[in-house]
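Encoded as structure tokens, the structure appears first; notes follow it.
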Amino acid sequence: MPTRREFLAGSAAMLALTQPGLALAADTTALPTLGAIGAARGLLVGCAVAARPLREDAAYRALIRQQARIVVAENAFKFGALRPSPTAYYFDDADALASFATENNMVLRGHNFVWHRQIPRWFAGYVTPANAEQVLVDHIEKVGGRYAGRIQSWDVVNEAVHPPDHLPHGLRNSPWQQVLGNDLQTGKPGAVPAYIEIAFRTARRVDPKALLTYNDYGIEGDDDAAAGKRRDVLALLRAMKERDIPLDALGVQSHVDARASFAAGPFSKGLGELIAGARKLGLKVMLTEMDVNDKHLPPPIPQRDAAVAATYATYLQTALADPAVIAVLTWGITDRYTWLNGEDSRADKLPERPLPFDASLQPKLAVPAMLAALRGAPTR
Ligand code: G3I
């Protein structure tokens, strides 16, 4: 039974969800935590953690401790962050998060071994088709080996599909594709580039306990671009399975746009199709980087917060209905540190409000909306 405070907070949130213009604040002081309510349904719920505030901001650390059962580094485990030079490794930030997770009984994700971004400057002049496999294997052995046994899931490959690049199978023309893009067996272009096959096989060998994940964005929408990319991603995963490449899960980044919440039945088709498609391939699904961009909404905060909360609600209700989904992570926990104020900011330069907690670390309407979706999920 909800307490009176919980009930009132929930009602305020629901009212705001149905009337996005309404100026209501969420009274969520008595609400249970996202992590605990997720755990009651067998779901891992948590967030990405940024290295600097983890070191410097005690209130941020406390909020994560309170809310998260699973954490992932926003940047610290990436190739560029770990590899200042071809021979040197920088593990301080990654180790700090791994220790924080252990000290607080949290599950840890790894993000990521292979990505086309955050590759260091030295890569272009150093990595060639002749040494690329060695560089990749060394990296996964060194990094995966360091944290082996402590990682719940590794994003082995991130964002390898990008149809606008016009490569066969919708593959992205990434730095790794350019040096190791052909099929491992035939040496010619194929459905699974060598770098993907090598990365997954090496990751399994190095950390057999971690779920191995392919992670991508823009694959759950109902528009044509998302539908096309979704088909390409599912085809890649199917081709990997047919080849017995070790693959356990699909990461759906879930960077979504609050505009969608104004339409009827957002995410009903594409998101359900995507998750069912992954499930039919025998994969688990994780929502790995969820946040709700408010950049196309008018300035008033109550209106933005209500639309953001409604988007969390509809998205999570749809996704969590499928028992293949085992985890939900937001990309950050507080608007104080969201990446969206840097890379993808609003035209009017108002700070974005995409995360469950605001810049003062207070819960917004998104919190009761998320809690309601978690409570409504079937138990895993
Ligand atoms: O590390 C340098 C630092 O030395 C320098 O002083 C500072 C000055 O700008 O930049 C620092 O690097 C920044 C890095 O974050 C660490 O803070 C980069 O400029 C900045 O571009 C980088 O942004 C990250 C972005 O990935 C990089 O592509 C975001 O924080 C991070 O949230 C974002 O995360 C990605 C996921 O990994 C994959 N999915 C999409 C998601 C959002 O783009």
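The values are calculated or read from the model by the stated rules, or taken from the named source; none is laboratory data. All figures in this text were calculated on a predicted structure; none of them were measured in a lab. When we count neighbours, we look across all protein chains shown, and the Cβ atoms used for this are built from the backbone with ideal geometry, even at glycine.
Does ALA310 qualify as being hydrophobic (A, V, I, L, M, F, W, C), surrounded by 24 or more Cβ atoms within 10 Å (Cβ to Cβ) and over 22 Å from TYR60 (Cα atoms)? I'd like the intermediate steps shown before the answer.
On the way: hydrophobic (A, V, I, L, M, F, W, C): yes; surrounded by 24 or more Cβ atoms within 10 Å (Cβ to Cβ): yes; over 22 Å from TYR60 (Cα atoms): yes.
Against the criterion (hydrophobic (A, V, I, L, M, F, W, C), surrounded by 24 or more Cβ atoms within 10 Å (Cβ to Cβ) and over 22 Å from TYR60 (Cα atoms)), ALA310 qualifies.
Select, from THR330, THR314, THR318, THR334, the only residue that is of a type in the set (Ser, Thr, Tyr), at pLDDT 95 or above and touching a Gly at 6+ places or on another chain (Cβ under 9 Å). Steps first, please.
On the way: THR314 fails: at pLDDT 95 or above; THR318 fails: at pLDDT 95 or above; THR334 fails: touching a Gly at 6+ places or on another chain (Cβ under 9 Å).
Exactly one residue qualifies, and that residue is THR330.
Within region 111-162, work out how many residues are within 16 Å of the ligand (Cβ to nearest atom) and of a type outside the set (Val, Ile, Thr).
Number satisfying all stated conditions: 18.
Take region 73-93 and flag every residue that is touching a residue at least 40 places away in the same chain (Cβ under 8 Å) and more than 10 Å from the ligand (Cβ to nearest atom).
The initial filter retains those residues of region 73-93 that are touching a residue at least 40 places away in the same chain (Cβ under 8 Å), namely 74-75, 77-80, 82-83, 86, 89, 91, 93.
Selection gives PHE79, LEU82, ARG83, PRO86, TYR89, PHE91.
Listed here are the residues, each with its yes/no results for (1) within 13 Å of the ligand (Cβ to nearest atom); (2) without any contact (Cβ under 8 Å) to a residue 24 or more places away in the chain.
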{"site": "ALA39", "(1), (2)": "no, no"}
{"site": "ALA50", "(1), (2)": "yes, no"}
{"site": "GLU56", "(1), (2)": "no, yes"}
{"site": "ALA62", "(1), (2)": "no, yes"}
{"site": "ARG69", "(1), (2)": "no, no"}
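Every residue in region 94-109 that is more than 12 Å from the ligand (Cβ to nearest atom) and closer than 22 Å to ALA36 by Cα, please. Quick ask: steps written out before the conclusion?
Initial filter on region 94-109 (more than 12 Å from the ligand (Cβ to nearest atom)): 94-108.
Result: LEU97, ALA98, SER99, PHE100, ALA101, THR102, GLU103, ASN104, ASN105, MET106, VAL107, LEU108.
Right, ILE198: among the β-branched types (Val, Ile, Thr) and part of a helix (DSSP H, G or I) or not?
Details: among the β-branched types (Val, Ile, Thr): yes; part of a helix (DSSP H, G or I): yes.
Considered against the rule, which asks whether it is among the β-branched types (Val, Ile, Thr) and part of a helix (DSSP H, G or I), ILE198 comes out as yes.
Please give the number of the condition GLN152 fails out of (1) assigned to a strand (DSSP E or B); (2) surrounded by fewer than 20 Cβ atoms within 10 Å (Cβ to Cβ); (3) of a type outside the set (Val, Ile, Thr).
Exception for GLN152: condition (2).
Name the single residue, out of those in region 211-248 being farther than 20 Å from PRO168 by Cα, more than 16 Å from the ligand (Cβ to nearest atom) and under 19 Å from the mean Cα position of the chain (by Cα), that is surrounded by the fewest Cβ atoms within 10 Å (Cβ to Cβ).
Only one residue fits best here, namely ASP248.
Going residue by residue through region 326-339, is there one that turns out to be farther than 16 Å from LEU63 by Cα and surrounded by fewer than 16 Cβ atoms within 10 Å (Cβ to Cβ)?
Filtering region 326-339 for residues farther than 16 Å from LEU63 by Cα gives 326-328, 339.
After this cut, where a residue has to be surrounded by fewer than 16 Cβ atoms within 10 Å (Cβ to Cβ) as well, the list is none.
No, because not a single residue in region 326-339 is farther than 16 Å from LEU63 by Cα and surrounded by fewer than 16 Cβ atoms within 10 Å (Cβ to Cβ).
So, ASP291, is that one farther than 17 Å from ARG41 by Cα, of a type in the set (D, E, K, R) and in contact with a Gly (Cβ under 8 Å, 6 or more places away or on another chain) or not?
On the way: farther than 17 Å from ARG41 by Cα: yes; of a type in the set (D, E, K, R): yes; in contact with a Gly (Cβ under 8 Å, 6 or more places away or on another chain): yes.
Yes; evaluated as a whole, the condition is true for this residue.
Only one of (1) under 13 Å from VAL157 (Cβ atoms); (2) in a strand (DSSP E or B); (3) in contact with a helix residue (DSSP H, G or I) (Cβ under 9 Å, 6 or more places away or on another chain); (4) not small (Gly, Ala, Ser) is not met by VAL256, so which one is it?
(1)
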